[in-house]
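K.L.:
Take a look at this one; I'll ask things after.
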Amino acid sequence: MIEELHIRGLGVIEDASLRLAPGLTVVTGETGAGKTMLVTALQLLLGMRADASLVRQGADAALAEAAISPPPPEGREWLAEGDDVLVVSREIPAEGRSRARIGGRLAPVSALTEVLGRYVEVHAQHEHVRLARPEVQRSLLDRYAGDPHGRVLERYRTAFDRWRELEEARDRRDQDARERARELDRLRAEVVEIDGAELDREVDATLDHELERLSHADEVQQVAGEATQALGSEGAGEPVGVALDALRRLHLDDPELEELRTRATGLAAELTELAADLRGYGERAEADPERLARLQERRHLINQLSRKYGAEIDDVLAYADQARTRIEELESADADAADLEQRRAEALEQVRSLAADLHRGRCTAAERLAEEVDRHLVDLGMPHAAFSVAVEEGGEDGLRAHGADDITFMLAPNPGEQGRPLGSAASGGERSRVSLAIEVALADVDDAQVLVFDEVDAGIGGATAMAVGEKLARLAAGDGPHPRQVLCVTHLAQLAAFADVHHVAEKGLAGGRTVTTTRQVDEDSRVAELARMLGGDATAKAGRDHAEELLGRARQRRAG
């Protein structure tokens, strides 16, 4: 809850602190005393847009700060170790941008909303209230519908996420289909080109050598012929033959001579073999223009493939293997398209089915909620008003993370009028009472632990004011899953009589300027304040008797 609210330099308030307590706290005071500035301070702490005109004239800045205990879960990260009270503040300078602090640390203003948005709810006239937001209305209706409906909602969200994943996968597939088709055509053409070349690592590796010989065939024949002739007809040549014959005629048992004779014999044999090889080499180098042209064409083809796919034949063949693998992947992606489409269709059907279940659950809950709110509106002096909840079902295009329904709280303030959205269907005071009726009806499901009502009693009086006070007290009694703190700014004694804590905002003069102060009144002072609010003399016996009677009736109604 909010333990203390401190305000400085805001409007007519120079410096004021309110110690707040659990239950129902009311703030009363004469018109113009600055009661509404208390609500404005809380709105600033919720992230309301700041306006320099709020700064008290002559002050450098306005300050609103609150101590909250226990801290809301969203605010625990801002606490120092061991702290159990969260302090939030908002400073609005007379010039410049406002500053927010959480736990004593500077924070963006949006962080205030994140920390306190679900914790504190303000119902103020002429302001956009939380209950008028469609997402809040939908959330409250879903929680009002009960746990079985909540389980359907969780199943729907899971199914919706799966369907969206498949939708995005299909979109990506469709967007990439043209590019895949182009890539497939290119890769298939490249593979056909490479395969058509019938590359052979061993044969094509000798291509350059054969081209070289054929290109110089005439020269090769001439050189080979000359070399063959030089070696002689028998290959050994004249000098070697003469030397070998001489050595063979010398019959001497000498190892050195035998070695020389062996070497000469080997040399003659080698020269004979060399002459034969030269003769064959020259004969093979016969000019063949047709084969030369074919080899040149083959060389040109291989050069083209090398420029496109790799410097070496192995690189070109490796590229072809990679291309075939990629073709299989792309063809597989196309083959998976039918399976993806089937899974997407099945997921969509499940989402539609669960959306229909959500719609039925919301319609049932809407009827129950409308009946309950209408009963409270009768007690709150709006017997002819009709509250309803519009549950409009959208088609497939309307499927969202929360279902396909648009939820709108509607109000027809008077008989014969069509219901209109809550935010525009009633005056400020009526909206506050409708909000109060909704809050009471949703007491068991709403997360807000601090409820603030500004002038909720506008335009009512008498018995209706007593009913409003009773319902506010019921909200503050903690009928829901957690205790609540309700703060109400009021000008009606009938409502103020239900308060657990009563503060009075008083306007006075200090240094020639109007100054608002606040004080918490005890039981005796409270009777005097109620007597004043009833229009009598705060010290007159009749007025005090009337005030004490009012307090007694409030206690009886609360006890009942």
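K.L.:
Out of Pro421, Pro415, I need the residue that is modelled with pLDDT of 85 or more, out of contact with any helix residue (DSSP H, G or I) (no Cβ under 6 Å at 6 or more places or on another chain) and closer than 30 Å to Leu153 by Cα. Which one? Full working, then the answer.
P.N.:
Values: Pro415 fails: closer than 30 Å to Leu153 by Cα.
Residue meeting the stated conditions: Pro421.
K.L.:
If I ask for residues that are among the charged types (D, E, K, R) and under 9 Å from Ala401 (Cα atoms), which ones from region 151-172 would you list? Give the steps one after another, and end with the answer.
P.N.:
Step one: of region 151-172, the residues among the charged types (D, E, K, R) are 151, 154-155, 157, 161-162, 164-165, 167-168, 170-172.
Correct list: Arg157, Asp161.
K.L.:
State which residue pairs qualify: first residue more than 15 Å from Val203 (Cβ to Cβ) and inside region 292-310, second residue crowded, with 16+ Cβ neighbours inside 10 Å and not hydrophobic (A, V, I, L, M, F, W, C) in any location, beta carbons under 7 Å apart, and separation of 6 or more residues or different chains.
P.N.:
Tyr309/Tyr319; Gly310/Tyr319
K.L.:
Turning to a different aspect of this structure: Can you tell me which residue is nearest to Arg420 (Cα to Cα) among those in region 118-140 that are at pLDDT 85 or above and not in a helix (DSSP H, G or I)?
P.N.:
Val120
K.L.:
With respect to Leu252, is the statement that it is of a type outside the set (Gly, Ala, Ser), modelled with pLDDT of 75 or more and in a loop (DSSP other than H, G, I, E, B) true?
P.N.:
Numbers: of a type outside the set (Gly, Ala, Ser): yes; modelled with pLDDT of 75 or more: yes; in a loop (DSSP other than H, G, I, E, B): yes.
So Leu252 fits the description; yes.
K.L.:
Okay, moving on. Of the conditions (1) of a type outside the set (Gly, Ala, Ser); (2) touching a residue at least 60 places away in the same chain (Cβ under 8 Å); (3) in a strand (DSSP E or B), Ile7 fails just one. Which one is it?
P.N.:
Tallying (1) of a type outside the set (Gly, Ala, Ser); (2) touching a residue at least 60 places away in the same chain (Cβ under 8 Å); (3) in a strand (DSSP E or B), Ile7 fails exactly one: (2).
K.L.:
Only one residue in Ala345, Ala355 is part of a helix (DSSP H, G or I) and crowded, with 19+ Cβ neighbours inside 10 Å. Which one? Even if it seems obvious, please write down each step before you answer.
P.N.:
Numbers: Ala345 fails: crowded, with 19+ Cβ neighbours inside 10 Å.
When all the criteria are applied, what remains is Ala355.
K.L.:
Quick one: in region 368-399, of everything that is free of Cβ contacts under 8 Å to residues at least 12 places away in the same chain and not in a helix (DSSP H, G or I), which residue is surrounded by the most Cβ atoms within 10 Å (Cβ to Cβ)?
P.N.:
Keep residues of region 368-399 that are free of Cβ contacts under 8 Å to residues at least 12 places away in the same chain, which gives 371, 375, 378, 383, 395, 397-398.
In the following step, the residues that additionally are not in a helix (DSSP H, G or I) were identified as 383, 395.
Details: Pro383: 11, Gly395: 9.
Residue satisfying both the conditions and the ranking: Pro383.
K.L.:
So which residues in region 285-339 are modelled with pLDDT of 80 or more and of a type in the set (S, T, N, Q), if there are any at all?
P.N.:
Those that are modelled with pLDDT of 80 or more and of a type in the set (S, T, N, Q): Asn303, Gln304, Ser306, Gln322, Thr325.
K.L.:
What strands (runs of 3 or more DSSP E) lie completely within region 15-106 and have 3 or more residues being over 18 Å from Arg118 (Cα atoms), at pLDDT 90 or above and in contact with a helix residue (DSSP H, G or I) (Cβ under 6 Å, 6 or more places away or on another chain)? Full working, then the answer.
P.N.:
Values: elements: 23-29, 61-68, 86-93, 99-102.
The qualifying strands (runs of 3 or more DSSP E) are 23-29.
The values are calculated or read from the model by the stated rules, or taken from the named source; none is laboratory data. In this text the structure is predicted, and so the values were computed from the model without any measurement. Because the Cβ atoms are built from the backbone with ideal geometry, glycine has one as well, and the counts that use them run over all protein chains shown.
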